[in-house]
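Here is the structure we will look at, set down as C-alpha cells.
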Amino acid sequence: FPVTIVRIPLSDETIYFVMTDRFDNALPDDPALTGYRYDDIGYWHGGDFRGLTNRLDYIKKLGFTAIWITPPVVNAAIQGDSAGYHGYWGLDFTSIDPHLGSEADFRSFVKEAHDRGLKVILDMVVNHTADVIKPADGKYSFRSLREQPFTPVIPAGMEKSKVPEWLNNLDNYNNRGNFGNDSDSIWFGDFFGLDDLATDRPEVLDGWIRVWSDWIEKYGIDGYRIDKIGRA
C-alpha cells in the first residue's frame, strides 16, 4: 500500500530548545526564593525570561523560526536532593515561576519573539505534578491493577498547594506507587514519586484543557510540546 506522510504546518519550523534556567541571567537572584546553588547541577542557576529576551536576536540569526522552552509554571523549588529548575515539578500551573521572572517578563518575551517572527512553544506536563501525595503506609512500591491503590495522604500544610484546585483532589490520581517491573506501572505508576494523574478522568481532561487554553489566551503563545502522555 502507498504510504502518505502527513506534514502539519509546524513541521516546517526550525525549533530552538531552551532550558530557561540554564540559558541567560539578567535579573539578580531573589533572596526570598530558595533553590539557587551555582556549584550544583541539580539546583537553580538563575536563568530568566529577561535574559532569554536579550538573546532573541542571537537565536534569530542562527536561523531558527521558533523557540521551545521548558515549562514556565510554578514548581516545587526543592524536592529531595535537587530543585525544580527544569520545570517538570509543577505546583501552580496557572502562574510563572518567580525564579524565571514575572508575568510581565514572560509576556514581554513572547511579544519580542513575535516581533522577530519567532514562534513560542511551551513544554507542558499533563501526566504528573510535583511529589506531594504520600502513601499512608509509607510503601512506594507499585500496586498492580489486581490490588487496591494505596491510601493517599497529603502532608499538613500542603492540602491546597496545587493550582488549579482540582489538582488537590486525591481521586484524580492513580495512587499506585512508583513505576517498576509491572508492565502496567508505566501507565499508572509515579515517576520517581511524582504524583501520577488519572488522565482518563473527565475532571482531569477538562481541567487540563482549561489550563492550557488559558495560556494561549493570556499570553498568545503558538503551541505546545507534550512532555508525557497518559493513557487517555
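The values are calculated or read from the model by the stated rules, or taken from the named source; none is laboratory data. If you're wondering where the values come from, they're calculated on a predicted model, not measured in any experiment. Note: ideal-geometry Cβ built from the backbone for every residue, glycine included; neighbour counts use all protein chains shown. Protein only, heavy atoms only, side chains kept; ligands, DNA and RNA dropped before computing areas. Shrake-Rupley method; radii C 1.70, N 1.55, O 1.52, S 1.80 Å.
Some points to look at:
- Test for ARG225: is it basic (Lys, Arg), within 30 Å of ILE15 (Cβ to Cβ), open to solvent by 30 Å² or more (accessible area, probe 1.4 Å) and in contact with a Phe, Trp or Tyr (Cβ under 8 Å, 6 or more places away or on another chain): yes
- HIS114 in contact with a strand residue (DSSP E or B) (Cβ under 6 Å, 6 or more places away or on another chain), open to solvent by 10 Å² or more (accessible area, probe 1.4 Å), modelled with pLDDT of 95 or more and assigned to a helix (DSSP H, G or I): no
- Scanning the range 162-221 for residues that are aromatic (Phe, Trp, Tyr), surrounded by 16 or more Cβ atoms within 10 Å (Cβ to Cβ) and in a loop (DSSP other than H, G, I, E, B) yields one hit, PHE179.
- All conditions in (1) part of a strand (DSSP E or B); (2) touching a Leu at 6+ places or on another chain (Cβ under 7 Å) hold for ALA130, with the sole exception of (1).
- Among (1) open to solvent by less than 40 Å² (accessible area, probe 1.4 Å); (2) over 30 Å from LEU197 (Cα atoms); (3) polar (S, T, N, Q), the one test that THR14 misses: (1)
- Pairs, first under 19 Å from ASP40 (Cα atoms) in the range 61-83, second in a loop (DSSP other than H, G, I, E, B) and aliphatic (A, V, I, L, M), C-beta under 7 Å, six or more apart: ASN75/ALA130; ALA76/ALA130; ALA77/LEU33; GLN79/ALA130; ALA83/ALA77
- PHE150 vs. criteria touching a strand residue (DSSP E or B) at 6+ places or on another chain (Cβ under 7 Å), open to solvent by 50 Å² or more (accessible area, probe 1.4 Å), more than 22 Å from PRO72 (Cβ to Cβ) and free of Cβ contacts under 8 Å to residues at least 40 places away in the same chain: no
- Residue check for LEU122: part of a strand (DSSP E or B) and among the aliphatic types (A, V, I, L, M): yes
- All positions within the range 203-223 that are within 19 Å of ARG107 (Cα to Cα) and of a type outside the set (A, V, I, L, M, F, W, C): SER213, ASP214, GLU217, LYS218, TYR219, GLY220, ASP222, GLY223
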